[in-house]
Amino acid sequence: MKQLKESGLNKEQIIEAYKHVLRGRRLDERLWQLTRIGKTSFNISGQGHEVGQVAKALAFEPEKDYFLPYYRDMTACLVWGMTSKDILMGSLAKEDDPSSHGRQMPNHYGSKEHNIVSHSSTVSTQFPLATGVAYGAQLGKKDYVTLTTTGEGSANQGEVQEAMNFAGVKKLPLIFVVENNGYAISVGIKEQYANETMAERGPAYGFPGHRVDGNDFTETYLTFKKVVDDARNGKGPALVELMVSRLTSHSADDDHTIYRSKEELEDMKQKDGLLLFEKQLIEEGYLTRDEMTAIDKELKAEINKATDEAEAMPDPTADTISDQVYAD
């Protein structure tokens, strides 16, 4: 694992990255709680993806770049500018939910304010949309890069191949990400695709492909910084395969203990990216365990406050059912 100082980020930035990782984990845990007690209808988790998502998002310029996420990208959306309250309002289907004003399923992230484009429940349809956003930058000679993500199971959809082909032909300023956690719901990678890695699909479409360890913050950040800089400087798209773990079931409607062994689940918990990141921060002198405990306490208080505020927000009313759905 590469040392954190090799990232080029200073101590304050590294600690802020850790706060993003831990905020993502604690907020994800809260969403599970709300689902289990019946206050929300559904949750699809990103636990195990957080370190890679934070490192990925920090390589972009959210004030001008565009992000078309998929349903596990909550932590990246937080780095991009969404708040815990924004996320909670989406899961609680509140009128002020920035993703869809309570009209989408939970975990369908979007924010016009932060250049995050909302996505469909039909997986990977965000990929061809992202090519359009990136093509707009090229045609308008705009200095922004587009990021779009999906899982390795969804990456086998036809839309993904069409999007990558178009982006390669036009050399668009677009970064494709496949967050590979090894399972398409219950289907392991041996039954999903025949190629050795997802990354090798990039060169097939005429642009670089990179595979990175999503638990290695520095490796992931530096890889994304390089491909983002290249895209911004007219060198075209790239594909990054982000190797991560899915610590939970696929969603609130799934039970992964049916198709994953106890040994696999225990081994995965021991290799949790959050724990590895904390160990590295302590060993390299960025934080002490006591300081981490204090940060955790602050974040839990923040999420408790956000939960109370989100629950108190008004629900959409029946007479507004078509609002925010069709253009005026």
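The values are calculated or read from the model by the stated rules, or taken from the named source; none is laboratory data. It should be emphasised that the depicted structure is a prediction, and the values quoted were computed from it without experimental measurement. When we count neighbours, we look across all protein chains shown, and the Cβ atoms used for this are built from the backbone with ideal geometry, even at glycine.
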| message | Looking at (1) more than 21 Å from ASN43 (Cβ to Cβ); (2) free of Cβ contacts under 8 Å to residues at least 40 places away in the same chain, which one does VAL117 not meet, given that it meets all the others? | response | (2)
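From PRO128, PRO98, which residue is in contact with a helix residue (DSSP H, G or I) (Cβ under 6 Å, 6 or more places away or on another chain), closer than 29 Å to ASP229 by Cα and at pLDDT 95 or above?
Working: PRO98 fails: closer than 29 Å to ASP229 by Cα.
After applying the criteria, what remains is PRO128.
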| remark: With the first residue restricted to region 234-254 and required to be in contact (Cβ under 8 Å) with a residue 12 or more places away in the chain and within 28 Å of GLU266 (Cα to Cα), and the second required to be of a type in the set (Phe, Trp, Tyr) and assigned to a strand (DSSP E or B), Cβ contacts under 8 Å at 6 or more apart or on different chains are VAL240/PHE176; ARG246/TYR183; HIS250/TYR183
| remark: Pairing a residue in region 271-292 that is touching a residue at least 12 places away in the same chain (Cβ under 8 Å) and of a type in the set (Asp, Glu) with any residue that is surrounded by 14 or more Cβ atoms within 10 Å (Cβ to Cβ) and part of a loop (DSSP other than H, G, I, E, B), where Cβ atoms lie under 7 Å and the two sit 6 or more apart in sequence or on different chains, gives ASP272/GLY48; ASP272/LEU247
| field | GLY90 being surrounded by 23 or more Cβ atoms within 10 Å (Cβ to Cβ), among the small types (Gly, Ala, Ser) and either free of Cβ contacts under 8 Å to residues at least 40 places away in the same chain or more than 20 Å from GLN53 (Cβ to Cβ) (or both) | value | yes
| query | How about region 137-160: which of its residues are touching a residue at least 24 places away in the same chain (Cβ under 8 Å) and assigned to a helix (DSSP H, G or I)? | reply | ALA137, GLN138, SER154, ALA155, ASN156, GLU159, VAL160
| request: Tell me, yes or no, whether region 216-234 has at least one residue that is surrounded by fewer than 17 Cβ atoms within 10 Å (Cβ to Cβ) and assigned to a loop (DSSP other than H, G, I, E, B). | output: yes
| task | Quickly run through region 302-328 and pick out the residues that are within 13 Å of LYS85 (Cα to Cα) and either part of a loop (DSSP other than H, G, I, E, B) or within 23 Å of the chain's Cα centre (by Cα) (or both). | result | GLU302, ILE303, ASN304, ALA306, THR307, ALA310, MET313
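Can you tell which of THR307, THR257 is hydroxyl-bearing (Ser, Thr, Tyr) and surrounded by 12 or more Cβ atoms within 10 Å (Cβ to Cβ)? Quick ask: steps written out before the conclusion?
Values: THR257 fails: surrounded by 12 or more Cβ atoms within 10 Å (Cβ to Cβ).
After ruling out the rest, the residue left standing is THR307.
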| query | buried (at least 24 other Cβ atoms within 10 Å of the Cβ) and touching a helix residue (DSSP H, G or I) at 6+ places or on another chain (Cβ under 6 Å), is that true of GLU50? | reply | yes
| Which residues, taken from region 133-161, are closer than 17 Å to TYR70 by Cβ and surrounded by fewer than 21 Cβ atoms within 10 Å (Cβ to Cβ)? | ASN156, GLN157, GLY158, GLU159, GLN161
| request: Would you confirm whether any residue within region 191-200 is at pLDDT 95 or above, under 21 Å from the mean Cα position of the chain (by Cα) and surrounded by 20 or more Cβ atoms within 10 Å (Cβ to Cβ)? | output: yes
| said: Restricting to region 161-198, name every residue that is more than 21 Å from LEU129 (Cα to Cα) and free of Cβ contacts under 8 Å to residues at least 60 places away in the same chain. | reply: ALA184, VAL187, GLY188, ILE189, LYS190, GLU191, GLN192, TYR193, ALA194, ASN195, GLU196, THR197
